[in-house]
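First comes the structure, then the notes that go with it.
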Amino acid sequence: MYDVIYIDSEGAESAVAGTLDREAAAAIARQVAAERGAGRIVCPDRVRPVNCVCVVPHPEPSRA
């Protein structure tokens, strides 16, 4: 599962959508990036570019 986040030019993250399959997350990222004039990327790790809509892995629930 994946989340879609937007990272503004200051580096602040805001949630766009969450807990989606990769195809749905990519479609939303394309739409939001076009609306905001931003880039888009799938971020497999901690790399977070600015002014970008990112598809990131949804965190696994902790098992306590």
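Within region 1-27, if we keep just the residues that are in a helix (DSSP H, G or I) and open to solvent by 50 Å² or more (accessible area, probe 1.4 Å), the residue that is modelled with the highest pLDDT turns out to be Glu23.
Taking the numbered list (1) of a type outside the set (A, V, I, L, M); (2) assigned to a strand (DSSP E or B); (3) open to solvent by 80 Å² or more (accessible area, probe 1.4 Å) in turn, Gln31 passes all entries but (2).
The values are calculated or read from the model by the stated rules, or taken from the named source; none is laboratory data. Note that this is a predicted model, so its numbers are computed, not measured. Calculation scope for accessible area: heavy atoms of the full protein, side chains included, ligands and nucleic acids excluded. Shrake-Rupley method; radii C 1.70, N 1.55, O 1.52, S 1.80 Å.
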